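Enquirer: Encoded as structure tokens, here's the structure I'll be asking about.
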Amino acid sequence: MTLHLSIMLWIPLAFGLAGLLLPARLAPKLALAGTLLVLGYAITYVVGFQSSQGALQYVTDETWIAELGISYALGLDGLNLFLVLLTAILWFSCTLWATFWTPEHAADNPRLFYFHLALAQTSVLGALLAQDLALFVVFFDLMLVPFFFLTGIWGGARRVHATMKLVIYTLVGSLLMLTAAVATGVLAAEGTDPVSFAFADLAQRSLSSSTQNWLFLAFAAAFLVKMPAFPFHGWMPDGYKAMPLPVLALFSGVLSKVAAYGFLRICLPFFPDASAHFQTLMLLIALASILYGSVMAFTTTQVRLILGYSSIAQLGFIVLGIFALNAQGAQGAILQSFNHGLVVAPAFFIVALLSARAGGSEDLRDMGGIATRAPVLTTLFLIVTFATLAMPGSSNFVGEFLILLGVFETKMAIAIIASSGVVLAATYALRLFIRSVHNRTGPRVEAREMERRDGLVLVPLVLAILAIALYPQFALQRSEQTVTSLTTPPPATQGEAAVAPEFQIERAP
Amino acid sequence: MSQIGYMIMAVSAGAYAAGLFHLMTHAFFKALLFMAAGSIIAAMAGQQSLDKMGGFRRSMPFTYGCMVIGGLALAGIPPFSGFFSKDEILLLIGDRGGWYWGLYVAGYAGAFLTGVYTFRMIFRAFWGDPVPEALELEQGHIHHPETHTNPATGEVEDTDVGFPGPEHHIAERETSMKLAMGTLALLAIVGGLLQIPKVTHVIDHFLEPSFHESALFEREPSGGLIGFGLILGTVVGLAGIALAYFVWVKNPGMSERIRERSRGVHTFLVNKWYFDELIDLLVVRPAQWLGSFAQQTFERIFVNGLLVGGATGVVRAGSSAVRAAQTGFLRYYAALLVAGMIGVIFYFLLVV
Amino acid sequence: MIDVVAASKIAGPEIDWAGLSPLIAVFAGALIVLMLGLMRSRAIREIAVPSLSIASLAVAGGLAVWQWGERSDLLAGALRLDELTLLLTLLFCVAGIATVLLSWRHVAPREAAHGEYHALLLTSIAGMIVLVAAQNLVSVFLGFELLSIPLYVLCATEMRRASSLESGLKYLVVGSVGSATLLYGLAFLYGATGATDFAAIAGALGASADLASDPLLLTGIALSIVGLGFKASVAPFHQWTPDVYEGAPTPITAFMAVATKAAAFGIILRLFDVALIDVSLDWGPPLAALAALTIVVGNVGALGQSSLKRLLAYSSVAQAGYMLAGVVVASRLGLQATLFYLVVYLVMNLAAFAVIVARERETPLGDDIASLNGLGASRPLLAWPMTIAMLALAGFPATAGFIGKFYLIDAAVDGNYAWLGVFIVVGSMISLAYYLKVIAAIWMRPAEESSTSAVALPPPSAEPVLSGGSDEATGMSAQGEVVGVAVLFGALTIVLGVVPSPLFNLVRDAGEALGLL
């Protein structure tokens, strides 16, 4: 089974290169075929995953650069399994969307567009699958390159300024992470051990607390800027306004999750002392993100920014769950990462549809009242909205509940304040929904139902949302083992376990 | 709202099955009541105000029947479902003892008021003199106004973009409505059979797997309390209906006289205890202020100005300095080279 | 001849012809090319002379490969033949070949006479080989001058362009100051330790502890740092770099950026890691401070530039700062990291400069960034190498530049200079602003109208072209060699970014040759 992960990893790039060299009319089909293959692989992995095992599965482990101790190691476990599935699903949907979008917006060089999309997918998959710290950093930094081009070449107004800001800001954090990664490998190998960046080796070695602290901060800087978290979100408004929508759906849906995954994969296992030391700080940052993001989301009228700020808030919840430093919080965070990605991509697609029906405007004040003429669109939008605000019955509710449960057990005050974030989520989600499809029609609106090809993109995503809503245990069960071994609860909480420590959603009798 | 209060009171006191039972029965009779209300509103061509309704008993018998069934269930009159569910809640509350007796009394007071308001609505809408719309309906014609206006604001409707439009459907004429309401009426009548005290325990058994570890779950109240509760519930409900009958049927004009005498209280209650205004003041306004502060001030000054602008400003300043030093004149280059050389020499001689 | 020497009882040095063969090949090539350049025939001058230069460099490179693995002293200890020398010799030969290809159709050789142009180039390369092989203070200076003086002339070869002459003159004057400083420093080192041989100097320093605080020695080290730092474009001795790089003919700029820096770092490594290794704790911190300053100055200086050559000049200053971090740690890992980065740096820069040369001939905009506008759509064969080069210089993964930076940071952290690693990274952050600006010009800006029209080729005897740039623009096929260089080095950047192991092996051998810890 050793080859298979590499195959899934490199298929997108291979198809992208082929698309670059072959005639332009083949490029969309090749890109779509590539994403479909990856989706097939991802589903196979998910189905074939052994939930009872906590260790890595489908492992690849080769040496890449022996002199530096960098290995080409890939593997799947509870932490990245569903993120890989999310990547596969979203890339397929957004590439399909792109095939409608490019004839109008990227007619000058579609082959290059699909190449960059494909390169982005390979990079993201690489970052998720990597089991070597240097390899992770390679793919993490590489992820940004295709988005630089996608935004800069085919974006909206002020795209060059926006993409420069976005890339440079993100790389400020990521480059600090590079130094920290090198330092981690070098400093962990004190004495006669050869330097190695493989996670398996790093897990065996330890670092002093003071070293861990600054390394943790450097990694945290990279991940917090990527998500983005308050107050490092300065690149978000311009970036989100300038990106082409199919690209933005992928960016918001997947890339921010890689950052959250990075915390779980790197910071918690390799810098445990630092994670505990900075726990309160991270929880406060998460809380600030939730509150600030929500407040901005329900006051802005730019629809893209509503979704952007709501992502800040949602990622705030995910960070909250991660830094509860216990199993429920981490389980909730992983589930919520999958959920949020699955919800935000159709949301952006719907934004595109809404904007097309409001004379091209993306301002909420220009929208309204299309529900009567576009009932199917409204219904699908409603499902997505309910999922966004974590309506009980959706998987997002389960995720948020687990997160809050996890935080309640460690820092109750923060959890109580964070719970208000749930209310705020309802505020901005419903505001967006109501003001864009209900009430009177907006001044520039021409309401019409969505077309069949729009349905091809939207319906599968909504079905996926419903599917996971019906059975979130499908995801929780597969991440449970890994999470439990990752977060051994500190002695203090074990005594007070009034609620069952390994919380599971029970199946209905 | 008030029935939800009963449910939450039940669950908080550990009467899980009772709460769920009331949820279930409430679904039946409340949905039935809403559908019936919709039927009347349709007959009134969209007018929802009770002040304008009256005397629909003869023209809308089916709707009337459904509303009465629902009302009786809501008021907690045996053998309707609401009676059993509400009583079970109050029974288990009383069984807790101690300060829970206060809740017990409050619960029955609420039941009394429930009877009053439910039958106030029924008597005002269906009894008394028929209003013009009712008379029109007796002739076999549903009232349709000339231009369709929004009853609340008076705005002229634009049916093109989704207003209800001129179609009005009443239960008497639509089979689908009759089917739905009939089913609910039936359930409202027989639903109570699921959980008759000491006889049937369907909901209890259903919830047992989830709650079997709870200390409060397996309580069996005494037979005396059960009997007392059943009788009290019936009496209270009937008393409420009687009061409603007295005020709104027997003595027309009495409600206006009461309103005149207690104007202050009436205004307070009609304005929903000014609760909406309170929420607006305490929650909505601060949130909006916070939002505009974040948008206008914080984002602009701190995030963009300080963090982003500050960093780029420092770098740009450095850039200008370096480029300014490139004067193009050799003498300055050589001078700086010599200066650097002296600096390095001094470092080596003095520090090392 | 050997008989005569033996017969006259003069003890001449043992001559290892095999070991000296690369050097001899280059010298011979220079002489032949110089002579050949006197021929009247245009075909010989314009075709045979460059071809012969390439041939001699190729031969030298081949001989260097043949000698790989040898570690011996040449010419009675004046020069050292080891993998470090041979690796850098190969580097110089590659740089030289690329430069000849880039100047094939350039105006500079035509104005300065092909023979002289190429002979000077070859001589400079020979000087570089001598410099990096030097084991003796005198050889150091010999190599230093031998490499510099031809370069002074080469910078001025585009004689009708004022800025070219200016750059040559500036280089001459400032370079002389630098050489003088270096000589002064070397003299002090000799005075303090009593020996000119590196091994002997190291021995003297190791033997006596208070020699390390001798003011004569310390001043010598300081002045050597200044002199060599000048050559390597270390701040604050870097100010000649932007002006000279911008003014010189672009192929020469490329050559200087790549080969001169390699030569300077080669001798820095040898001098500091062999001769002065015992006092590494003394010269480490000041060099680290200079490295940090260089990184900052180089990166912020490049930010506002609109001239590509000036931008790359400042960028080379910054890259020198990065490489200095490998010197500072005075360990084998640092040595290897610096050498690795030098090779990678050659590859990245040559790709970039090749594209600049090509665009200079196609547009009247010279080396302005605007000459790259719209390149992505119109000339992908030039757009991709430049993009890859910029991404590599910025240190993006999947390019050789990333591996190089990783290696340098690794060496820095390992040598307890983690803060210098942070500086490297901060420098990279700042550098993103200008590298990405170049990429944005290629892909995200529409082409300038004037760049699409082809300018007619002026007959050779007509009025000289005064503006800096468009001498000929006859379309892509006529520039095949330039585009070829660009594509080759662009591809190599990616290849080395994905499979760097061969280069790692080469560099490891060089590291072992010096015998550091």
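Enquirer: May I ask you to verify whether residue A:156 is in contact (Cβ under 8 Å) with a residue 12 or more places away in the chain, in a loop (DSSP other than H, G, I, E, B) and within 13 Å of chain C (Cβ to nearest Cβ)?
Expert: For residue A:156, the condition - in contact (Cβ under 8 Å) with a residue 12 or more places away in the chain, in a loop (DSSP other than H, G, I, E, B) and within 13 Å of chain C (Cβ to nearest Cβ) - is met.
Enquirer: Cβ-Cβ under 8 Å, sequence separation 6+ or interchain: first residue in segment A:159-172 and within 9 Å of another protein chain (Cβ to nearest Cβ) and at positive phi, partner among the acidic types (Asp, Glu) and open to solvent by 10 Å² or more (accessible area, probe 1.4 Å). Which pairs?
Expert: Qualifying pairs under 8 Å: none.
Enquirer: Which one of C:265, C:272, C:255, C:237 is modelled with pLDDT of 90 or more, surrounded by fewer than 24 Cβ atoms within 10 Å (Cβ to Cβ) and not hydroxyl-bearing (Ser, Thr, Tyr)?
Expert: Of the residues listed, the single one that is modelled with pLDDT of 90 or more, surrounded by fewer than 24 Cβ atoms within 10 Å (Cβ to Cβ) and not hydroxyl-bearing (Ser, Thr, Tyr) is C:272.
Enquirer: Among (1) within 11 Å of chain C (Cβ to nearest Cβ); (2) open to solvent by 10 Å² or more (accessible area, probe 1.4 Å), where does residue A:197 come up short?
Expert: (2)
Enquirer: Check off (1) modelled with pLDDT under 85; (2) open to solvent by 50 Å² or more (accessible area, probe 1.4 Å); (3) within 13 Å of chain A (Cβ to nearest Cβ) for residue B:299 and give me the number that stays unchecked.
Expert: (2)
Enquirer: Please work out which residue is modelled with the lowest pLDDT, limiting yourself to segment A:15-56 and to residues that are part of a helix (DSSP H, G or I) and of a type in the set (S, T, N, Q).
Expert: This residue is A:44.
Enquirer: Hey, does segment A:58-69 have a residue that's under 30 Å from residue A:336 (Cα atoms), of a type in the set (D, E, K, R) and either in contact (Cβ under 8 Å) with a residue 40 or more places away in the chain or open to solvent by 10 Å² or more (accessible area, probe 1.4 Å) (or both)?
Expert: So far as segment A:58-69 goes, yes, one or more of its residues are under 30 Å from residue A:336 (Cα atoms), of a type in the set (D, E, K, R) and either in contact (Cβ under 8 Å) with a residue 40 or more places away in the chain or open to solvent by 10 Å² or more (accessible area, probe 1.4 Å) (or both).
Enquirer: Kindly check whether there is at least one residue in segment A:110-127 that is more than 17 Å from residue C:396 (Cβ to Cβ), free of Cβ contacts under 8 Å to residues at least 24 places away in the same chain and open to solvent by 10 Å² or more (accessible area, probe 1.4 Å).
Expert: There is no residue in segment A:110-127 that is more than 17 Å from residue C:396 (Cβ to Cβ), free of Cβ contacts under 8 Å to residues at least 24 places away in the same chain and open to solvent by 10 Å² or more (accessible area, probe 1.4 Å).
Enquirer: Select, from C:372, C:382, C:391, C:408, the only residue that is within 22 Å of residue A:112 (Cβ to Cβ) and within 11 Å of chain A (Cβ to nearest Cβ).
Expert: C:391 is the lone residue from the list that is within 22 Å of residue A:112 (Cβ to Cβ) and within 11 Å of chain A (Cβ to nearest Cβ).
Enquirer: Under the condition of being open to solvent by 60 Å² or more (accessible area, probe 1.4 Å) and outside any loop (DSSP other than H, G, I, E, B), which residue from segment A:1-13 is farthest from residue A:125 (Cα to Cα)?
Expert: Only one residue fits best here, namely A:4.
Enquirer: Could you check, for segment A:102-109, whether at least one of its residues is within 20 Å of residue C:442 (Cα to Cα), open to solvent by 10 Å² or more (accessible area, probe 1.4 Å) and at pLDDT 95 or above?
Expert: Taking every residue of segment A:102-109 in turn, none turns out to be within 20 Å of residue C:442 (Cα to Cα), open to solvent by 10 Å² or more (accessible area, probe 1.4 Å) and at pLDDT 95 or above.
Enquirer: For segment B:85-117, which positions are open to solvent by 30 Å² or more (accessible area, probe 1.4 Å), part of a helix (DSSP H, G or I) and not acidic (Asp, Glu)?
Expert: If the condition is that a residue be open to solvent by 30 Å² or more (accessible area, probe 1.4 Å), part of a helix (DSSP H, G or I) and not acidic (Asp, Glu), then B:96, B:100, B:101, B:102, B:103, B:105, B:106, B:109, B:112, B:113, B:117 are the ones that fit.
Rundown of residues vs (1) in a helix (DSSP H, G or I); (2) open to solvent by 10 Å² or more (accessible area, probe 1.4 Å); (3) more than 14 Å from chain B (Cβ to nearest Cβ); (4) of a type in the set (Asp, Glu), yes/no style:
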{"site": "A:291", "(1), (2), (3), (4)": "yes, yes, no, no"}
{"site": "A:305", "(1), (2), (3), (4)": "yes, yes, no, no"}
{"site": "A:312", "(1), (2), (3), (4)": "yes, no, no, no"}
{"site": "A:316", "(1), (2), (3), (4)": "yes, no, yes, no"}
{"site": "A:341", "(1), (2), (3), (4)": "yes, no, yes, no"}
{"site": "A:349", "(1), (2), (3), (4)": "yes, no, yes, no"}
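Enquirer: Looking at C:58, C:108, which one is within 22 Å of the chain's Cα centre (by Cα) and open to solvent by 10 Å² or more (accessible area, probe 1.4 Å)? Outline the logic, then answer.
Expert: Working: C:108 fails: open to solvent by 10 Å² or more (accessible area, probe 1.4 Å).
The unique qualifying residue is C:58.
Enquirer: Something else now. Among the numbered criteria (1) over 29 Å from residue B:82 (Cα atoms); (2) in a helix (DSSP H, G or I), which single criterion is violated by residue B:244?
Expert: Unmet for residue B:244, out of (1) over 29 Å from residue B:82 (Cα atoms); (2) in a helix (DSSP H, G or I): (1).
Enquirer: Evaluate segment A:242-261: report whether one residue or more is charged (D, E, K, R) and either surrounded by fewer than 24 Cβ atoms within 10 Å (Cβ to Cβ) or within 14 Å of another protein chain (Cβ to nearest Cβ) (or both).
Expert: No, the conditions are met nowhere in segment A:242-261.
Enquirer: Go through segment C:198-223 and count every residue that is open to solvent by less than 30 Å² (accessible area, probe 1.4 Å) and within 10 Å of chain B (Cβ to nearest Cβ).
Expert: Going through segment C:198-223 one residue at a time, the tally reaches 8.
Enquirer: State all residues of segment B:45-58 that are under 23 Å from residue B:184 (Cα atoms) and either at pLDDT below 85 or of a type outside the set (D, E, K, R) (or both); if no residue qualifies, say none.
Expert: B:48, B:56
Enquirer: Check off (1) buried (at least 20 other Cβ atoms within 10 Å of the Cβ); (2) within 14 Å of chain B (Cβ to nearest Cβ); (3) not in a helix (DSSP H, G or I) for residue A:421 and give me the number that stays unchecked.
Expert: The number of the failed condition is (3).
Enquirer: Still on this structure, please answer the following. Working only within segment C:157-193, note down all residues that are touching a residue at least 60 places away in the same chain (Cβ under 8 Å), outside any helix (DSSP H, G or I) and open to solvent by 10 Å² or more (accessible area, probe 1.4 Å).
Expert: C:158, C:160, C:161
A quick yes/no check of all residues on (1) in a helix (DSSP H, G or I); (2) free of Cβ contacts under 8 Å to residues at least 12 places away in the same chain; (3) in contact with a strand residue (DSSP E or B) (Cβ under 6 Å, 6 or more places away or on another chain):
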{"residue": "A:192", "(1), (2), (3)": "no, yes, no"}
{"residue": "A:202", "(1), (2), (3)": "yes, no, no"}
{"residue": "A:233", "(1), (2), (3)": "no, no, no"}
{"residue": "A:237", "(1), (2), (3)": "yes, no, no"}
{"residue": "A:241", "(1), (2), (3)": "yes, no, no"}
{"residue": "A:253", "(1), (2), (3)": "yes, no, no"}
{"residue": "A:258", "(1), (2), (3)": "yes, no, no"}
{"residue": "A:266", "(1), (2), (3)": "yes, no, no"}
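Enquirer: Considering only residues that are assigned to a helix (DSSP H, G or I) and more than 7 Å from chain A (Cβ to nearest Cβ), look in segment C:415-430 and name the one that is surrounded by the most Cβ atoms within 10 Å (Cβ to Cβ).
Expert: C:420
Enquirer: Hey, which of the helices (runs of 4 or more DSSP H) in segment C:352-414, taking only ones fully inside, have at least 3 residues that are in contact (Cβ under 8 Å) with a residue 60 or more places away in the chain and more than 27 Å from residue A:110 (Cα to Cα)?
Expert: C:400-414
Enquirer: Would a scan of segment B:316-323 turn up a residue that is within 14 Å of chain A (Cβ to nearest Cβ) and either more than 24 Å from residue A:308 (Cα to Cα) or without any contact (Cβ under 8 Å) to a residue 60 or more places away in the chain (or both)? Give the steps one after another, and end with the answer.
Expert: First, the residues of segment B:316-323 that are within 14 Å of chain A (Cβ to nearest Cβ): B:316.
Imposing the further condition that a residue be either more than 24 Å from residue A:308 (Cα to Cα) or without any contact (Cβ under 8 Å) to a residue 60 or more places away in the chain (or both) reduces the set to B:316.
Checked segment B:316-323: at least one residue is within 14 Å of chain A (Cβ to nearest Cβ) and either more than 24 Å from residue A:308 (Cα to Cα) or without any contact (Cβ under 8 Å) to a residue 60 or more places away in the chain (or both).
Enquirer: Residue by residue through segment A:140-150, note down the ones that are more than 9 Å from every other protein chain (Cβ to nearest Cβ) and in a helix (DSSP H, G or I).
Expert: Once the filter is applied, which keeps residues that are more than 9 Å from every other protein chain (Cβ to nearest Cβ) and in a helix (DSSP H, G or I), segment A:140-150 yields A:146, A:147, A:150.
The values are calculated or read from the model by the stated rules, or taken from the named source; none is laboratory data. Computed from a predicted model, the values in this text were never measured in an experiment. Note that we place each Cβ from the backbone using ideal geometry, even for glycine, and neighbour counts take in every protein chain shown. Areas reflect the complete protein model, heavy atoms only, side chains present, ligands, DNA and RNA absent. Shrake-Rupley method; radii C 1.70, N 1.55, O 1.52, S 1.80 Å.
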